[in-house]
Amino acid sequence: MAGITLTYVPLRNPLLLSVSPNISSLSINVPRRRPPQQHYCQCIIDSNSSTNAITTGAGDDIFSVNTSSNECDFDYLGQSTKGDLNLKYGINGQADIAWRGPIEEVAKIEAKEAEGLLNDLGIQDPSSSRHSPRGIFCTRTLNLRSISAIGYDMDYTLMHYNVMAWEGRAYDYCMENLKKVGFPVDGLAFDPDLVIRGLVIDKEKGNLVKADRFGYVKRAMHGTTLLSTQAVSEMYGRELVDLRKESRWEFLNTLFSVSEAVAYMQMVDRFDEGIISPDLGVVDYRGLYKAVGKALFRAHVEGQLKSEIMSKPELFVEPDPELPLALLDQKEAGKKLLLITNSDYIYTDKMMRHSFNRFLPNDMNWRDLFEMVIVSARKPEFFQMSHPLYEVVTNEGLMRPCFKARPGGLYSGGSAQMVENSLGIHGDEILYVGDHIYTDVSVSKVHLRWRTALICRELEEETLAATHMDDKELTESVQKLLIVMQRLDEKIAPMLEEDGEHFSKRWGYLSRAGLWDKSHLMRQIEKYADIYTSRVSNFLHYTPFMYFRSQEQTLAHDSYSFYQS
């Protein structure tokens, strides 16, 4: 039996329940306006049990925590319950007698109380989070309690750049390099409103296009001029955007693509005007794209841009005081944090110190947050193959060869497989967070089955919250909610086991996979069939002039716009 200090930390962040991996310590962080106070609890480690009981100072058992990966259960969605806080007793050490009865009625009552609790804490409930620009929007069920490690990209992920400043300077350097080799760039200026993330450059036609989820082009711009609907139809009526054809299509994955796209579309206008000299060797739009890309690449490789940013980071970086605390919260909850970035060590250290150190408590620095730091990772190859591994051994970035990564280390190069081997975890136990759809999200998902999170700042508008709930109300409310959640889980699970049995006892419904997801077959139908039905004779019930309209295709954050209106 070991005594553990329970501290109240004056953070804006809502209720933080954090348990170390070996359950030898427990910290519960509750936002408060009063000065920090200390209370005591005890953590009982039972070597004969797969759970550890956490007790209050009075000795009343409250929670049991499942820490065994071999004996953990699964909830009704098939998600691991490893790391769950399970309530052993009810309020004041009593069992949940007060909540016995029809669970549906209990759930309604507790849901109403839960709404008030969440409002007081400044936490958005799962349904209302869809209406928040600061919400986390889910496209595939993700159970954070089964995540052992969280990896982060740096640029536009852990730090957000001022797009006008950063991309504007990148554009300037690109244009300077083009001018040096003879391109006519006089009179051109950076226009960030010209493009958005997610567009596709058609290098064959010198166009910038917006396609739907099936690849059909809906809007297009040639140079800096938008094309009419008729022109788009005539040009792309029989063509689909296929990102596998890299020689033609270039997807704007990230905000780093803005400067390149603006420069290219402006130079298309100059090419059409016939004022680009044939001596430059640019004979078509593909060659023009290559020239622009080379000029921008030089700006990065020669270090001009990053040197300027490191000298005055305050002009380029938009600080986020809550971000370091969010990572600290995850670390205190037992998650192993990783930093995996393509940037070199000198730049990474400078920018992370500027963005993190001043917001961390107790003289912590950014390195203290991470179990492992990997710079010059060379993503996406980092997720696909192995590169030589080096350990960074000095503040100046000097390195030495290394053959095995260890937790706590600072490395250059290597591979994702090396990370998995070093930490003893793999696949869907790791969540990787980045801003680049391909380099960060797609490749790590396809090759390693890591769970993924995309950062897309364009979705955001700031919101603030505060809490006024006292300690006793908070404790009792959490306990009551856990009781109801467990009872609902027990009731829902057998119902879902029977779901779809009348169609196929083993596999359930043809069109669905799980409670919320469509089956792979259904996705193929959606992708390639404009309409579908059970038999040809069904056409008899429709006029030959029927106008079949597809359902509105909503996004996870669309309900926010509807809610506001």
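Just to confirm my filter: which helices (runs of 4 or more DSSP H) fall fully inside segment 301-362 and include at least 1 residues that are under 30 Å from GLU420 (Cα atoms)? Lay out the reasoning, then the answer.
Values: elements: 304-311, 322-332, 345-356.
It comes to 322-332, 345-356.
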Sole miss for GLU458 among (1) at pLDDT 90 or above; (2) in a helix (DSSP H, G or I); (3) out of contact with any strand residue (DSSP E or B) (no Cβ under 8 Å at 6 or more places or on another chain) is condition (1)
For segment 155-182 the number of residues that are part of a loop (DSSP other than H, G, I, E, B) and under 14 Å from ARG457 (Cα atoms) is 4
How many residues of segment 528-550 are at pLDDT 70 or above, over 14 Å from ARG213 (Cα atoms) and among the polar types (S, T, N, Q)? The answer is 2
Result of the Cβ filter at 6 Å on segment 297-318, keeping first residues that are acidic (Asp, Glu) and partners that are surrounded by fewer than 17 Cβ atoms within 10 Å (Cβ to Cβ), at least 6 apart or interchain, is GLU318/ASN162
Residue hits (segment 376-412; under 23 Å from the mean Cα position of the chain (by Cα) and not in a loop (DSSP other than H, G, I, E, B)) are GLU381, PHE382, PHE383, GLN384
Listed by first then second residue, the pairs whose first member lies in segment 198-217 and is in contact (Cβ under 8 Å) with a residue 60 or more places away in the chain, whose partner is of a type in the set (Gly, Ala, Ser) and open to solvent by 50 Å² or more (accessible area, probe 1.4 Å), with beta carbons under 9 Å and at least 6 positions apart or on separate chains, are LYS203/SER247; GLU204/SER247
Given the conditions (1) of a type outside the set (Lys, Arg); (2) open to solvent by less than 10 Å² (accessible area, probe 1.4 Å); (3) touching a helix residue (DSSP H, G or I) at 6+ places or on another chain (Cβ under 6 Å), every one holds for VAL209 apart from (3)
For LYS445, state whether it is at pLDDT 70 or above and open to solvent by 30 Å² or more (accessible area, probe 1.4 Å). yes
All-but-one check, MET235 against (1) within 29 Å of MET154 (Cα to Cα); (2) in contact with a strand residue (DSSP E or B) (Cβ under 8 Å, 6 or more places away or on another chain); (3) touching a residue at least 24 places away in the same chain (Cβ under 8 Å), failing number (1)
Residue count, segment 312-371, condition small (Gly, Ala, Ser) and exposed (fewer than 15 other Cβ atoms within 10 Å of the Cβ), comes to 1
When every residue in segment 212-228 that is open to solvent by 40 Å² or more (accessible area, probe 1.4 Å), touching a Leu at 6+ places or on another chain (Cβ under 8 Å) and in a loop (DSSP other than H, G, I, E, B) is compared, the one farthest from LEU288 (Cα to Cα) is PHE214
Exercise. Return a yes/no flag: does segment 422-439 have any residue that is out of contact with any Asp or Glu (no Cβ under 6 Å at 6 or more places or on another chain), farther than 30 Å from SER257 by Cβ and open to solvent by 40 Å² or more (accessible area, probe 1.4 Å).
Key: yes
Scanning segment 184-206 for residues that are open to solvent by 50 Å² or more (accessible area, probe 1.4 Å) and not in a loop (DSSP other than H, G, I, E, B) gives ASP193
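Filter segment 161-183 for residues that are exposed (fewer than 15 other Cβ atoms within 10 Å of the Cβ) and more than 27 Å from the chain's Cα centre (by Cα); which is nearest to GLU318 (Cα to Cα)?
Only one residue fits best here, namely GLU176.
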By residue number, the members of segment 380-401 that are open to solvent by less than 70 Å² (accessible area, probe 1.4 Å) and touching a Ser or Thr at 6+ places or on another chain (Cβ under 9 Å) are PRO380, GLU381, PHE382, PHE383, HIS387, LEU389, GLU391, VAL392, GLY397
Per the list (1) assigned to a loop (DSSP other than H, G, I, E, B); (2) modelled with pLDDT under 95; (3) open to solvent by 50 Å² or more (accessible area, probe 1.4 Å), residue check on ARG145 breaks on (1)
When segment 160-184 is checked residue by residue, the ones that are farther than 11 Å from LEU296 by Cα and without any contact (Cβ under 8 Å) to a residue 24 or more places away in the chain are LYS179, LYS180
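Among ARG298, ARG270, which is more than 30 Å from MET352 (Cα to Cα) and open to solvent by 20 Å² or more (accessible area, probe 1.4 Å)?
Numbers: ARG298 fails: more than 30 Å from MET352 (Cα to Cα).
That would be ARG270, the only listed residue that is more than 30 Å from MET352 (Cα to Cα) and open to solvent by 20 Å² or more (accessible area, probe 1.4 Å).
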Take the conditions buried (at least 19 other Cβ atoms within 10 Å of the Cβ), at pLDDT 90 or above, among the aromatic types (Phe, Trp, Tyr) and touching a Gly at 6+ places or on another chain (Cβ under 7 Å) and apply them to TYR411. Does it pass? no
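The values are calculated or read from the model by the stated rules, or taken from the named source; none is laboratory data. Predicted model, so just to flag it, every value in this text is computed and none were measured. Here Cβ is always computed from backbone atoms with ideal geometry, including for glycine, and neighbour counts include all displayed protein chains. Side chains are part of the model used for accessible areas, which takes the heavy atoms of the whole protein and leaves out ligands, DNA and RNA. Shrake-Rupley method; radii C 1.70, N 1.55, O 1.52, S 1.80 Å.
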